[in-house]
Structures are given as C-alpha cells and as structure tokens.
Amino acid sequence: MDNEFSDQSAPDTDAAAGGQAASRTLGDPIVVTEDVKKWFGDFQALKGVTATVREREVVVVIGPSGSGKSTYIRCINRLEAHQEGTIIVDGIELTNDIKNIEKIRSEVGMVFQQFNLFPHLTVMDNITLAPQWVRKQPKDEAENYAMELLERVGIPEQADKYPGQLSGGQQQRVAIARSLAMKPKIMLFDEPTSALDPEMIKEVLDVMKELALGGMTMMVVTHEMGFAREVADRVMFFDYGTIVEEGTPEHFFTNPQHDRTKLFLSQIL
Amino acid sequence: MTDEGVVLVDDQELAPEPPPKGPRIWLRDNLFSTPASGVMTVISIVIVLFAYRGLLNFVFDPLRRWDAVTFNMKLLMVQAYPGDEMWRVWLSVGIVFGLLAASLAMWRLGGMAEPRRIGAVLMGVGGAVILGGLLGPFNSTDVVPPNAPAWISEGRIWWFIVGAVLMVIGYALRAATGERAKESIIPIMGLVGVLIVLGLAVIWVVDVPVPAKIVDGQAITDGAEAAGVRAPQVKVFRPVAESTTIPWTLIAVVSVIVYVFFRLVGGASSAADAAIKRTLTVLWVLAFPVLVLILLRKPEWDWAEGATVHGLGFLVMGAIGSLLLWWMARPGTGEVGRVVAGFLLLLAFASLFIPMPFVWRFMLLALALFALAAPSFGGDGSRGLIVAWLITVFLVAFFVFTMDTDSGIDVPGSFFLGGLSLTIVLAFTSIVLSFPLGVILALGRTSTMPIFRLLCTAYIELVRGVPLITWLLVAFLMLPVALPEGIEIGGVLRAIGAMTFFSAAYLAENVRGGLQSIPAGQKEASRALGMSTIQMIVFITLPQALRAVIPALVGQVIALFKDTSLVTIVGLFDFLHIARQIIPAQSQPFSFLGSIKETLIFAAVVYWLFTFTFSRISLRLEKRLGVGER
Amino acid sequence: MTVEVRQHQRTPLWRNAAVLKWGAQILVLIAVIVVFVTLAQTASSNFTASNVSFGWDWLSDPTGVQIREGIDTSPDSGVRALTVGMMNTLRVAISGIIVATILGTIIGIARLSSNWIVNRIAVVYIETIRNIPLLVQIFFWSALAIGLPELTADDVGEYWFKASNKGFAFAWIFPDGGFWPWLIFVVVGIAVGRWVSKRRMRYQEETGNPGHGGRYAFAVVVLFAVVGWFAWPIFGWLEPVFDWVSDLIRDLPAVIVPIVVAIAAIAGAALWIRNFFESRRTPAGFGKMTDDDWFRVIFVGFSGIVVALLAFVVSGFEIRTISGEQLTVAELILDGIANFFGWLAGSFSTENYNTVVEGQRSGGPLVFEKAAVILRGTAEIPQYGETGMVLTVPFFAIWTGVTLYTAAFIAEIVRGGILAVPKGQTEAAQAVGLKRSQYLRQIILPQAFRIILPPLGNQYLNLFKNTSLGLAVAYADIVAVGTTIINQTGQSLPVVSVWMAFFLTGSLIISAIVNYFNRRMQLVER
C-alpha cells in the first residue's frame, strides 16, 4: 500500500465530505497519471496532467470542447498513446508492452458518445463477444451474466434485437452493459449523454448513478452538471490541456477559485 | 436524342405501367407525350421491327447450322469425358441442383411477384410471338427445310396460336386476381416450378435439328455409325437424346421434391433451422472439391499407400499440432506462446531453403498461423481451434493423397474436363482462392503499418495496371522457367493461378472500400473491450466491411466468370475454345466447317444466362441484407 | 489491493508493440525479397542451362517480324516493331474511348427516357452487352466480318462504302497539302471566336439584350476557315525557317539527346512532385498524404531517374536503318527531329497551291476521297486501294467489341450519375422557371458530370487494357507483336517488362487526364 504516489492522493481526503459520496469509502489509488503530455502534430493536447483516482471514486471531468478532457481519458486505456509522462492503471504502467495494454484495456471499461455498438451483432452478442474471446469465459456463463446486466440496465427484453432497432438511450445502456460484462475495475465515460435526445438522458444517467452507488470507480467526461453535483466525489476542470482546478462538487460549483472556471461555469449554468 | 426525351425517373417507375385508365392514355403518356417523343417512338418501332425480323431470319435461315450445337452438346459441356462415366457428371449436376433447391427453400430466397406484372410479361411475350409469326420467314417453301417439324413448316399458324394462348393466360391472370392484381401474391418459386415443368415438356416433345447422312432412305444420326459413310450430309429434326432427357427429368423431379421437403421442414424451430443451414453451408463448401477431385476425377486409390505414405505423417502432424495448440491456448501460457508462434513462422520461411516436400512447408506455415491465432481464439474455443487444426490436417492429407493419385478418367489432353465444366471449375476455383488473398491485401492496404501498406499497394496497382491477358501470358511463357526444377504446373493450374492473383487485386480494392466505410468508433470500441487486432478484424471490421460491399463483390465474381474466356487465347480447352475453334473445324463424322456464328451465339447465350442470373441474385441479396439502410 | 508500480521496468522486446510491428513488417519484406530473388535465380539458372540470356539486343536487331497493319508492316528492328504495335493499340484505344463516350452517354440518357420503347431498347442493349464476355463479342464481330462476300475482279471501282471479307472501306476526309497552314487559321479563329463570345456575353449581362455569343463565335470560326481555305499560302515564308531549323538540328552532336532527355525527365518529375506536394498542402501544413500519394510520388521520382539513366544507355544502342546504315539511337532521334522539321517545311510549302496533280491529292487543305477496289500485283488479286478509309477485319472486330462493350458500362454510369443528382435540384430549377432543356444543361448535367467522372475514368482504363484482346483476332497490337517477338527470340522477360511499362504508363496518363478534369470540376464547385 505504501508507494511513491501515496502522497499525491492527499488532496482527495476532503472528497469524503461530498453528498452521496459519503456512503462510499475510497480505497487505494487505482489510476495515477503524472505529467502526461500528448501532441497531435504541432498541437499540444495535454500539457502535463497530474492526477490520481482512487478505488470507488467518481470523478467528473468538465471543460470546454478542445480542452483535452476526452484525450485525457482516452489516454488512460491507451486509445491514444501519450508521449511523455507516466500513466499507471491498477499498478501497471502503460508502455509499449502489449501484454500490459491488453490487460489494462480489459480492466478499464469505456462508454462512448456515439455508443459504438456493433451493428451486425445482436444485443446479446454485442455483450458476450468480448467476455467470450478476451476473458475466455464459457458461452453459457457469458450469456447468463449478460442477461443479468441487461436486467440491471432495464432492457432484458431487447436481447435478441439488433442495435439499429433500439432507441439512443437503449443503445447507450447496452453499451454500458457491454463494458460491464468485462467486469472492469474502472469505467470511463466519454460524454455518454451528448448524442442523446433530452428525454433519454435521464435513463442513462440513472444507470450511471446506480453504478456509482454500487461502488464502481468512474471517470466521467460530461456536461451534465446535475450529475456532477449529485454523484461526483470530485470534479476536475480542464482547459488548454491542463487541469485548471479540481475539488469536491460543493467546493467547485459554489466557490470556484480560478477565473477560467468562473467564466466556464457562468456560461453553462 | 433531344432533351425532351429525358425525364429523371427512378428505376422502379420505369416498369411498363399498365393502363390505369385505358391503353390510349398509357400510349399517350409513355410513347407520344411530346412530338419529339412521338418521332422517336416511330423510329424506334421501325428499328425494333427490322431487328426482330433480322433476328428471326438469321435464326431460322436453313443455312444456319444449329445442328453443330446440338450434335456437339456433350463436347461443349464436358469435352471428351468418357461416355460410360457420364453418370458422374449427371450426379454432380444433380447434387448441385439438389443443394440449390434445399438452400433456396431454407433461406426463403424468392419472394413474391405481382400478378399484374406477370400478366403484362405474358401478354408482352405473347404479342412478340404473334409478331414473330407475322415477320418470320415461315410458310415459304424456299426457306424452310422440307423435313422440318410441323411448328416450323406449317409456319405462322402455330406462332399465332402460342402467342394468343400466352396473351389469354396473361389477361386471365390479371382479370382473375382483380383488385389484388397490384399486390405481391404469387410466389416466384412457384413460377420457377412452372418454368421447370415447361422446360421438361420441351425436352420431351420438341424436336431439335441434328445432322444425318441418308443411306437407303434411312437417316443415320449416330456419329459413330456415320463416321465412314460417304453420303451427303443433311439436317433432320429429332427429339433430344434419351441420355439427356432422362437425367434432366430426374434432376428436376428430385430438386422439386427436395425443395418441397425443406420448405415443409424449415421454419419449425429456429434451432433446427440453424442446424440445417449450417449443414447446408458445410455441404456447399465440401461440394466443390469433392465433386471435382473425387467424383468427376474417379481417382484410382491405393489405400495401402495412402495409409503409410500420407496417413502416418499427417497423424503425427495432427497430434503434435494439437498438443502445441492446447498448450498455446491455455490462458496461463501468455506471451511465451507468441514467441513460439513467431519462431514457428520463421521456421516456415526457413523451410523454403531446406529441401523437403512442398506439403510439409505448407503444413508448417499453417501451424504457425494457427499458433499465432491461438491466443486470440483459444480459451473456451481452444477445443474448436484443435478441431479446426485436425480438420485442416485431414483435408490437406486427403487432397494430397487425391492429387497424388492418377485420374481414372482417361481423356486426351492434360486435364480431365473441358468445355463449360472447365470454365466453371476455373471461375469457381479462382474466386474461392482469390477471396482470402484479396481480403489480406485489402487489410494490408488499410493497415497502419507503412511497409505492409506499400507492399500491398504496389501489388494491387501493378496487377491492376496491366491487362489479364498479359498475366496469363506471363504464367504460360515465363512461370515454367522461374520455378525450381521438379515443380511442374499444368496449364489449368497456371490459368487458375494467374486469374487468382489478378482477381485478388480487384477484390482487394472492393474490400478496401468496405473497410474504409466502417466508422473509427467501431475499432475504438473493440480496442476498449480489450480485443486484439486479429479479434477486431475477424469479429468486427471484416463482417461489416464484407456486408457493405456484397454488390461490388458479386460484380467482381461476374467479371471473373466472363474473364475465364481469356484462357482460350493460351490454348486451354474451355467453353469458348470449343465453341470457336474445335467445332467450326470439325469435318468428321459430320462436317460443321465454318459454323462459327452459331456456336458463338450459343456460347454467348450460355454466358449471358450465368451472368444475368448472378446479377439478379446480387440485386436480391442487396435488398435482403438492406445494404445502405444501416 | 496493493499498487505495485514498476516504474523503470523494461519492456521485453517480444512484448514491445513498436518492435513487434516493425519486426513483422521487416520480416515480411525480407520474405518477399527472398521469394523474388529465389525465383529470379532459378529463372536465370534455367536460362543459362538452355543457352538463352536476357538482354536488349533484340531491340535493335532485325527481327523479320511481319505486321499485318500499321505504320510499318515490315519493321527493321524490335523497337520499331513494338512501336508499330503501340501505335495500333493507341489507335483502337483513343478512337474507342471517344466513340464509347458518345454512344454510352446517348444510351445512358435513353435509359432514363420517359419514352417506354426507347427506354426498353437501351435496357436490352445494356443487359445484353454487359453480360456476355468481351472476347465472345470480339470473336463474333470477327466472324461476322469474315463471313462477308469476297472481293472479286468485278468489284473494281470507286465506292462510298464497301464491305467485304477484307474489311470495310469507306469515303473519308483527309488532310492535304495546305492542311497545316489552314489549321493555323482555324486555331486563331477559335481563339478570336472565344474572345468575341465573351464580349457578347458581357454585353448581354450589361444590357439584358440577347448576346448570341455562340452564334457570333461560330460565325467567326467559319469566317477564318473560309478565308484560310484560300489564303493559307501566306504562311509560305515558314518553309525556309523550318528548313533552317532542320539543318541546324542535323548538325548538332548526338550526345545532346540523352542530356536533354535526362534533364527533361528529372525536371519533369521534380516539377510534378512539387506540384503534387503543393496540391496536398493545406493552411495547417501538409495535408494527409495517403499511401497512394506516396506511391505516386515515389513512382514518379523513380521513373524520372530511370528514364534519365535509360536515356544514356539506350542512346548508345546501334540500330540498322532500312538503308543499311548503322546509327546510334541518339543519332536516329536527332535525325528524326530534323526530318520532322523538314516535314513541317514541306507542309508549309506552297508548291501545290490549287493545282491538282494526276494521281496525287489536290492542293487544298482537306481532300475528300472515295474508297477504291483495285487489282494488285502480278496475280491481280482484288484489294482495297490506298484511297479512302480502310478498316481491316481485326481492327473492326476489336474496335467494335471494346467500344460497344465499354459503351454499355458508360451508359450505366451516366444513368447512375444523373439519378444521383438530388430530386430537389430539379424541383428548385423548375421553381425558378427554367425550361427543361435549360435546367438539364445548366443544373443537372454539370452536377452529374462530377459524379460520373471518376468511374468513367475507370472505364477508360478498362477499355485501354481490353485492347490487348486484339491478340485473339490477330490484331497487331503491342501484346500480339510482343508475343511474336517472344516466339522468335525467346526474350520473354524484356518483352513482358516493355508491356508492363507501356500499360502502366498509359494507365497513369489516363488517370492523370481524368484527375485533371476532376480537379477542375471540384474547383468549379467552390
């Protein structure tokens, strides 16, 4: 438990003061990033991001578009490769080592803005494909667990349909079930509700809340400030590729310190 | 062509809209909408009439040697296949038709048609037949051979009767269905059944022209008997030979029974359906090699040799491979497996320089590929992986054994088949072989690895930039000298090789289109789920890409089928070669010298039937899969 | 749960993604090279065993190849024979492309006609032609032409059109003595016509009165053509100028040829690459270069260097001309250019002005000739004469085959392109009151053309490659001539590489032309 990054989790201690978060006890650091930098050509998307996420913690990442927040969480399961700095997920450092990459990806679930369900497979096959072939689970076991998950997200009756036959909200819930089927330790959400019609946002957010209550470690990029206020243990504000400000939702929304944060909040609230 | 003649309409709207309010309005709207359109209509009608009359005059000209086609039908289909082994050919055709019938029934391809359209088609055909009776060169003593059957010599009246009957049936169909004439209520497979019955009736009833020599008032039509007879050659009309009529009838009856049976069996339960479909797919895959290599080739097995020379070696290979794969697929093995697989791959390459039978090199390469795939497809599926390996070993062993065995079918020339059957073998084999190569090339060209991309791009562009005939000439002129001593490849295999490599480049471009149409999100999602690159390709990108390019792929299949005709230039005895070179040069037992137009037209009709059917199936598939809707 | 951080662990090589990626690629590259080298070694050892060695001597050696038609029927060297074959291929390809485009467009539009019978004729044409192998069609046309009646002694005479089993002969218009000077008039006329037309258009825009730009331009061109018909001898002074240039070139040292070619090749390649990079440059820096792009750049650069090097190698070859002289290729080329200027000088000569010499063509710019059947040789075999246009049976078969075949595909492309223009465009055009002919020409066709162009280019490439089927009906195209040379000399590898170079270059040129128009269309769009 003692390690060289333990001191970096110090800023999180006040997170326990949050509303719902009080019911959860945070565990050890599970995602540790240190001075992560990333360039796209000439453009520097991440300018040294240092942060730590602990087990069972819910972190909401907000910021204007182009601020690097999506890039940051995509680096965490190496959908993008960072160029400088260190990312450690569940004790494994992300390098070129393919074994580590595969291991991390199967332990970090990710939900995308555009759902990215596989259109040629049924909902059931969408969910069981990866457990069967990546986790090497027997088919029956994978299907049973998939049904369990579909019940949790509230759409067990859609198991044999194709994604194209579902509404946006249902698709996103399938996408969440698909990620959960891998029994991940961390879930990443990249603007999960941005592509949804307003009446469908709630059904997805409800699933996410339930997940948070169940003790899942989550990093959520979103513009849903209500969700951040209600569920988050901590809010990070990104701008120009760095974390400008972070803190508990209470602290963040009522008493922002930084000018850019104030400006951003005044624009969206 | 003036601008007035152009209206932008969708294809569906182009159907000959039957008169909603009467034929006069239809005529006005579709033929005489503007003065320019009227002029074009008149000109077109004149052209059509002249063309139709020309066609009839050409076809029914007594100088036409259609007996060159009917007499040489066997030559055109299977070249010199021995007569007492012909049951093998018929059995093969029967198996293919049976499978086709079963598949049509299980996959419910066919759909429904509107009585109105069928009625319109029948009435149109009837009208054309009556017109033919008016325009044709019948009832004229100087153009109709004296011994022609009644339907030609008594001429027009039969054409009028047939045409009128067709028109009445067409009209009755529309009248009988009344209000529902516009709905799709007639199953297309039912129509196919009617066509089959009609076809059988034609085979049994209608006479065809055959060559004969008249001796003592008797017409000798048998080629063997006529061989030495020095008598003038004439043309007589005879029924189709029994040797053809009876097999076709049997095949038709069996196919219909199979269709009805599977139609009744299918749909009972989805599990049983899936099992039947899977079995049918396996049978289709097995059908081709089994038919061509075993049934048609009649291999003269030497089982003792097979067991000792081939069996033992492959048994060991299968056992070692299975053990290795079992070990590789264990979750605990991890990356050591990759190193072993890589080492195997190196070994496979190295085997190129170590003298050993070619098949061992191939097996080593196959094992290396299986080993590479093991971490991705092992785990719960490791049993499946080992089974797949054992099947591969068995198939390779069996094919090597088969190829090593002499063919029991003894014909002049290097290959036991010729004519249309060779054309089909060439087309089918090249398509099947070029498919994996094309997919690999497409993956390489869209890969993120620059050297792969460059190699694949260079291959594709180089092959596509030069005509197929050049590659065929390369295969026939240069390949023999470039191969190491001891390896000789026959003409048919060389043609298959050249067409495979050529077609793969085109297929690759089609597949590439499909791969590029897949949104990046699909790849990200599969990566985020922890899939390896191979898993992503096999489970996510390829299935979607192939589905998106089915029309283009069928187009490529059609193009390749047409391209097989080029092998006639390098001297293979394919369908076109026999039609163009062999038959017009025949002088014994009957002379068909110079009958090239007849045989070429027959060849054109046969090619057309194949390609046109393909393209229609492609259209149906496109609709069924809802391409473009997703 | 403990967090073990192995901060400075080293990734083993076999697990490093980058190493694996590049290792695999390099391994495959090595494997490909090894396979090629092995094949090449086997080939060379097999050839050594059979006493054949590949080389390029056959290019200059007399081949004894007889070619049935073309600019030279008994070429004196391999290179000459191949040139004849290339010209024959290009003759089919270029005229075929032009006619197939026109025919295909007409049929494609007919396919969309609201006139039911016109529509059906187009459908029958397309579905018949598309679904029958091209080779069958070519054989059919050949059989049809060979089946025509023979020429007999009774046929001797002049004809507007004559068909026989020797092919087709018909009356045709040919350029004559005053053609080139007259062409200068016409070209100037077109330039002036354009200028006039633009002025009239501006007049129309300014005043609103109809400008009739097209009519004015047409009148100007006709005027120039008519004047030029009689006035072309005023360019007679060009004759001594070209003569002087011709003599000048004849005196140049031969080494200048490869130098000029090499400079031109490298400069051309460099310029092309620079323009290509320019065209891919976006405001944000270099746009994305795809592999195709890199492949093109490398190919162009490489071919530039190869051409430059080849220029020096090839110009050293000695070739025996028909007159028996031994000349190097460079000397031959210089000679050729000098002869070209000599020919130009002759073209501008006013010697034959308005005089009709017996047995020769008239002195005007153009001449109309009827076809003739004559008796030739001591055996008095009836044949087509020198006058009029004569299409041999092989040419007719291959040309008709590829043209009709490609036209069917072009028709489908044209139809698809027109249908792909959104219906809203038609409705909008109708809403602003354009007549059907107006909106077709101004709205629909320009938009359809952009969709049509890329697949049309593919069809041109197919037509070009399909001309190689001429081999099957003994048309003397480059493949047929090459096959003959292989049969006589055994030099398969060099001949095949000439084929590949020819077809790849041709494909590249067609793509370049289509891309040029494609780019222009895209620019118009913005």
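Looking only at region B:385-405, decide whether some residue is farther than 28 Å from residue B:614 by Cβ, touching a strand residue (DSSP E or B) at 6+ places or on another chain (Cβ under 7 Å) and modelled with pLDDT under 90. Checked against the condition, which is being farther than 28 Å from residue B:614 by Cβ, touching a strand residue (DSSP E or B) at 6+ places or on another chain (Cβ under 7 Å) and modelled with pLDDT under 90, region B:385-405 yields at least one hit.
Here region A:53-70 is the region considered, the condition is being within 13 Å of another protein chain (Cβ to nearest Cβ) and outside any loop (DSSP other than H, G, I, E, B), and the residue that is farthest from residue A:234 (Cα to Cα) is A:70. Answer yes if at least one residue in region B:312-329 is in contact (Cβ under 8 Å) with a residue 60 or more places away in the chain and either over 22 Å from residue B:398 (Cβ atoms) or within 14 Å of chain C (Cβ to nearest Cβ) (or both), and no otherwise. Yes, region B:312-329 contains at least one residue that is in contact (Cβ under 8 Å) with a residue 60 or more places away in the chain and either over 22 Å from residue B:398 (Cβ atoms) or within 14 Å of chain C (Cβ to nearest Cβ) (or both).
I'd like the residue in region C:49-70 that is within 11 Å of another protein chain (Cβ to nearest Cβ) and exposed (fewer than 14 other Cβ atoms within 10 Å of the Cβ) and, out of all such residues, is modelled with the highest pLDDT. Among them, the one singled out is C:49. Can you report the number of residues in region B:101-116 which are over 14 Å from residue B:193 (Cβ atoms) and modelled with pLDDT of 90 or more? Residues meeting the conditions: 1.
Answer with yes or no whether residue B:40 is surrounded by 13 or more Cβ atoms within 10 Å (Cβ to Cβ), modelled with pLDDT of 85 or more and more than 11 Å from chain C (Cβ to nearest Cβ).
Working: surrounded by 13 or more Cβ atoms within 10 Å (Cβ to Cβ): yes; modelled with pLDDT of 85 or more: yes; more than 11 Å from chain C (Cβ to nearest Cβ): no.
So residue B:40 does not fit the description; no.
Yes or no: region C:408-420 includes at least one residue that is within 11 Å of another protein chain (Cβ to nearest Cβ), under 19 Å from residue B:563 (Cβ atoms) and not acidic (Asp, Glu). Checked region C:408-420: at least one residue is within 11 Å of another protein chain (Cβ to nearest Cβ), under 19 Å from residue B:563 (Cβ atoms) and not acidic (Asp, Glu).
I'd like the full set of residues that are within 14 Å of chain A (Cβ to nearest Cβ) and under 39 Å from the mean Cα position of the chain (by Cα), limited to region B:332-378. B:341, B:372, B:373, B:374, B:375, B:376, B:377, B:378, listed by residue number.
For (1) modelled with pLDDT of 90 or more; (2) more than 9 Å from chain B (Cβ to nearest Cβ); (3) in contact with a Ser or Thr (Cβ under 9 Å, 6 or more places away or on another chain), each residue gets a yes or a no:
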| site | (1), (2), (3) |
| --- | --- |
| C:441 | no, no, no |
| C:444 | no, no, yes |
| C:454 | no, yes, no |
| C:464 | yes, no, yes |
| C:469 | yes, no, no |
| C:489 | no, yes, yes |
| C:512 | no, yes, no |
| C:516 | no, yes, no |
| C:526 | no, yes, no |
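Would you mind listing the helices (runs of 4 or more DSSP H) fully within region B:537-630 where at least 1 residues are within 14 Å of chain C (Cβ to nearest Cβ) and surrounded by 22 or more Cβ atoms within 10 Å (Cβ to Cβ)? Where helices (runs of 4 or more DSSP H) fall fully within region B:537-630 and carry at least 1 residues being within 14 Å of chain C (Cβ to nearest Cβ) and surrounded by 22 or more Cβ atoms within 10 Å (Cβ to Cβ), they are B:550-563, B:596-625. Are any residues in region C:354-380 at pLDDT 85 or above and more than 34 Å from the chain's Cα centre (by Cα), and if so, which ones? Across region C:354-380, the qualifying residue is only C:375. Within region A:91-113, residues that are at the interface with another protein chain (Cβ under 7 Å from one of its Cβ atoms) and in contact (Cβ under 8 Å) with a residue 40 or more places away in the chain sit with their Cβ atoms under 8 Å from residues that are part of a loop (DSSP other than H, G, I, E, B) and not hydrophobic (A, V, I, L, M, F, W, C), at 6+ positions apart or across chains, in these pairs: A:106/A:135; A:106/A:184; A:106/B:530; A:110/A:77; A:112/A:192.
Are any residues in region B:463-474 without any contact (Cβ under 8 Å) to a residue 40 or more places away in the chain and more than 7 Å from every other protein chain (Cβ to nearest Cβ), and if so, which ones?
In the first step, residues of region B:463-474 are kept if they are without any contact (Cβ under 8 Å) to a residue 40 or more places away in the chain; the result is B:465-467, B:470-471, B:474.
Within region B:463-474, just B:471 meets the criteria.
Screening residue B:32 against (1) within 14 Å of chain C (Cβ to nearest Cβ); (2) touching a residue at least 60 places away in the same chain (Cβ under 8 Å); (3) surrounded by fewer than 18 Cβ atoms within 10 Å (Cβ to Cβ); (4) hydrophobic (A, V, I, L, M, F, W, C) leaves a single unmet condition, (2).
I need a count of the residues in region C:468-526 that are in a loop (DSSP other than H, G, I, E, B) and not hydroxyl-bearing (Ser, Thr, Tyr). Talk me through it step by step, then tell me what you get.
Going through region C:468-526, the residues in a loop (DSSP other than H, G, I, E, B) turn out to be C:474-477, C:490-491, C:526.
After this cut, where a residue has to be not hydroxyl-bearing (Ser, Thr, Tyr) as well, the list is C:474, C:476-477, C:490-491, C:526.
Looking only at that region, the number is 6.
Pairs meeting the criteria (first residue in region C:404-425 and at pLDDT below 90, second residue not in a helix (DSSP H, G or I), beta carbons under 8 Å, at least 6 apart or on different chains) are C:418/B:8; C:418/C:112; C:419/B:8; C:419/B:10; C:419/C:112; C:421/B:8; C:423/B:8. What single numbered condition from (1) part of a helix (DSSP H, G or I); (2) more than 9 Å from chain C (Cβ to nearest Cβ); (3) modelled with pLDDT under 90 fails to hold for residue B:481? For residue B:481, the exception is condition (2).
Out of C:217, C:163, report the one residue that is assigned to a helix (DSSP H, G or I), aliphatic (A, V, I, L, M) and farther than 21 Å from residue C:232 by Cβ.
Values: C:163 fails: assigned to a helix (DSSP H, G or I).
So the residue among C:217, C:163 that is assigned to a helix (DSSP H, G or I), aliphatic (A, V, I, L, M) and farther than 21 Å from residue C:232 by Cβ is C:217.
Applying the criterion of being surrounded by 14 or more Cβ atoms within 10 Å (Cβ to Cβ) and assigned to a strand (DSSP E or B) to the residues of region C:131-160, the residue that is farthest from the other protein chains (Cβ to nearest Cβ) is C:158.
State yes or no: is residue C:417 touching a Phe, Trp or Tyr at 6+ places or on another chain (Cβ under 8 Å), among the small types (Gly, Ala, Ser) and more than 21 Å from residue B:465 (Cα to Cα)? Against the criterion (touching a Phe, Trp or Tyr at 6+ places or on another chain (Cβ under 8 Å), among the small types (Gly, Ala, Ser) and more than 21 Å from residue B:465 (Cα to Cα)), residue C:417 qualifies.
Can you find a residue in region B:140-150 that is at pLDDT 75 or above, of a type in the set (Asp, Glu) and out of contact with any His (no Cβ under 8 Å at 6 or more places or on another chain)?
At the first step, the residues of region B:140-150 found to be at pLDDT 75 or above are none.
So far as region B:140-150 goes, no, none of its residues is at pLDDT 75 or above, of a type in the set (Asp, Glu) and out of contact with any His (no Cβ under 8 Å at 6 or more places or on another chain).
The values are calculated or read from the model by the stated rules, or taken from the named source; none is laboratory data. Just so it is clear, the structure is predicted and the values come from calculations on it, not from any experiment. In this analysis, Cβ positions are derived from the backbone assuming ideal geometry, glycine residues included, and neighbour counts consider all displayed protein chains.
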